[in-house]
Amino acid sequence: MSKQNRTAIEPTREQNYAEWYQQVIKNADLAENSDVRGCMVIKPWGYAIWENIQRTLDVMFRETGHRNAYFPLFIPKSYFEKEAEHVEGFAKECAVVTHSRLEDNGEGGLKVAGELTEPLIVRPTSETIIGASFAKWVNSYRDLPLLINQWANIVRWEMRTRLFLRTAEFLWQEGHTVHESSEDAMEETRKMLDVYAKFAAEYLAIPVIQGEKTEGEKFPGAVNTYCIEAMMQDRKALQAGTSHFLGQNFAKASNIKFQGRNGEFEYAWTTSWGVSTRLIGALIMAHSDDNGLALPPKIAPSHIALIPIFRNEEERVSVLEYCKKIRQEFAGAMFEDIRIYTELDDRDLTGSERNWYWIKKGIPIRIEIGPRDVAANAVMISRRDKEPREKESVHLDNIKAYVLSSLRGIQDSYYQRALDFRQEHTVKIDDNKKFYKFFSPKNEAQPEIHGGFAHSHWCGDTACEEKIKDDLKVTIRCIPFDAEPEEGSCICCGKASDKRVIFAKSY
RNA sequence: CGGGAUGUAGCGCAGUCCGGUUAGCGCGCUCGGUUCGGGACCGAGAAGUCGGAGGUUCAAAUCCUCUCAUCCCGACCA
């Protein structure tokens, strides 16, 4: 391949999507596998993205009346057993603490000792342990609603893991709320899903579809599960966030009762909702290209890479001085609600090496500064959403305005691209044969990128959902909120259906 | 937990079938120099108990036995 056409990431998306994903993470230095099976080390550039996600969402939670708290990592087995469906859903992927001590084994090593009377489960989610506290906190309707959020790590003992998308331990946020009525709880469930959708669109630049999960896909123990689904560049769906209406299931399990306005005691209505470090996986797969990571400005750890170019000491001094002046220009500057950060990269590497380094890290703006720019009172500016070699000379007087409008432009272009991509690969299918063809790769041995979102009719029978899953590994991602009532027949069995649902392969 | 594969320098690999000096190669790293506006080059250097344990042998990365770990394909999942 010629130098001009060479991509920074190999293989390309087209050649091997799964491997491309790993390489983007590696080249951007976001995270790596640890020696602990299934667990990842999140490196500074990746962790900063998570911190930005946290910072923004935390404000949004606060504005919707929630307060943060923290609950134990360990859940007594007996708590966990209280909600039958919940147990069934999570039992197969729990890490369990059974001992409290290590003793000398007489061979230079250690053995476990001090068996616990009751095993402790490392939380895979916190409904039960938080419920135990809520039972004490809630006594009267005057205590409601109770709106709590927790930022935490959780453990789910997964068989197969992938960085950010599925790891044994991951970071997340779980909201848990208690309400007086079913209506209030439902309103909360939907409100928080809206918060997620808004965050995904405005900050991550990822368009999402809001909808409801089918019986088979919902959260163990929930009455209804709602979700936001996004399309990745391999046209698979990724669940980016969930919100659950728990009815009175967990209130009964944890005995969350209150005395109502009529003086009677009744079980409360609860909700829970969460997003995780998986959002970083979504971010990577939504925007990145064959040259590496691409970060929307509103979530990027840093926004501008300043790349000084010089040949000798004399040039070095004048160029660096000029760079610092430009850096000063952006000190404390804001891009809407986001603080702009700059990176001055004066490492002793060639200009192109430093350029490619920042391209692969996905920084939105690169500013190249050489002796010619110093002489012209200008800089060369490149955008991550344009071609790597494309750059524009901008006069010092206009630099700040230019950068601000570019950041807005990049944020918008990523969103628009993702939206166009999704629309391009979303189809209505009514014919069973066409449906199977749509979800079957031409090359079975090495499947090419294929499929997408199929809006098709479904009769509502779990058996049909199962059959399609078994045949094609395609599942119902959600029943979208905006589905128009429409007469049709089930894509699987042909029975009557009154609306379309979204079928797709998924992560 | 079933099927397949792999463990050799920080990373990627060769060498293993057919045992034989001091275990190599590429990238990266360190030092020195020339470079730097589109993925530089030259020279020097550091770095490995060949996954682990046991065995066969004059001799083991290489053969045998056991063991541990990882990866891929299934079943399960945010």
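The values are calculated or read from the model by the stated rules, or taken from the named source; none is laboratory data. Model, not experiment: these values are computed from the prediction. Virtual Cβ from ideal backbone geometry, glycine too; neighbours counted across all protein chains shown.
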Could you look through region A:214-241, keep only residues that are of a type in the set (D, E) and under 9 Å from A:C478 (Cβ atoms), and pick out the one that is nearest to RNA strand B (Cβ to nearest atom)? A:E217
Is one or more of the residues making up region A:383-397 hydroxyl-bearing (S, T, Y) and surrounded by 18 or more Cβ atoms within 10 Å (Cβ to Cβ)? no
Under 6 Å by Cβ, and 6 or more places apart or on different chains, what pairs join a residue from region A:172-195 that is touching a residue at least 24 places away in the same chain (Cβ under 8 Å) with one that is part of a strand (DSSP E or B) and surrounded by fewer than 17 Cβ atoms within 10 Å (Cβ to Cβ)? A:Q173/A:W151
Scan region A:60-83 and tell me whether some residue there is of a type in the set (S, T, Y), at pLDDT 90 or above and either under 30 Å from A:M232 (Cβ atoms) or within 13 Å of RNA strand B (Cβ to nearest atom) (or both). yes
Quick count over region A:329-367, residues being surrounded by fewer than 19 Cβ atoms within 10 Å (Cβ to Cβ), basic (K, R) and modelled with pLDDT of 95 or more, is 1
Quick one: which helices (runs of 4 or more DSSP H) lie wholly within region A:313-430 and hold at least 2 residues that are under 30 Å from A:I449 (Cα atoms)? A:351-361, A:399-424
How many residues does region A:164-181 hold that are among the small types (G, A, S) and either more than 7 Å from RNA strand B (Cβ to nearest atom) or under 17 Å from A:Y70 (Cα atoms) (or both)? 2
May I ask you to verify whether A:K434 is of a type outside the set (V, I, T), in a helix (DSSP H, G or I) and farther than 23 Å from A:Y226 by Cα? yes
Do the conditions hold for A:Y47, that is, is it touching a residue at least 60 places away in the same chain (Cβ under 8 Å), surrounded by 13 or more Cβ atoms within 10 Å (Cβ to Cβ) and within 28 Å of A:A197 (Cβ to Cβ)? no
Residue among A:F71, A:F61 that alone is farther than 13 Å from A:T167 by Cβ, more than 14 Å from the chain's Cα centre (by Cα) and not in a helix (DSSP H, G or I): A:F71
Report, by residue number, each residue of region A:375-430 that is among the hydrophobic types (A, V, I, L, M, F, W, C) and in contact (Cβ under 8 Å) with a residue 60 or more places away in the chain. A:L396, A:I399, A:V403, A:L404, A:L407, A:I410, A:A418, A:L419, A:F421, A:I429
Please determine whether any residue of region A:135-148 is farther than 20 Å from A:I42 by Cα, in contact (Cβ under 8 Å) with a residue 12 or more places away in the chain, among the basic types (K, R) and surrounded by fewer than 19 Cβ atoms within 10 Å (Cβ to Cβ). no
Given the structure, is A:E10 touching a residue at least 12 places away in the same chain (Cβ under 8 Å) and acidic (D, E)? yes
Among (1) without any contact (Cβ under 8 Å) to a residue 60 or more places away in the chain; (2) more than 11 Å from RNA strand B (Cβ to nearest atom); (3) farther than 30 Å from A:H176 by Cα, A:S288 falls short only on (1)
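Table: residues versus (1) buried (at least 22 other Cβ atoms within 10 Å of the Cβ); (2) assigned by TED's automatic domain parsing to the domain that holds A:E465; (3) within 22 Å of A:G460 (Cβ to Cβ).
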{"site": "A:N224", "(1), (2), (3)": "no, no, yes"}
{"site": "A:C227", "(1), (2), (3)": "yes, no, yes"}
{"site": "A:M231", "(1), (2), (3)": "yes, no, no"}
{"site": "A:Q239", "(1), (2), (3)": "no, no, yes"}
{"site": "A:G247", "(1), (2), (3)": "no, no, yes"}
{"site": "A:A251", "(1), (2), (3)": "yes, no, no"}
{"site": "A:R261", "(1), (2), (3)": "no, no, no"}
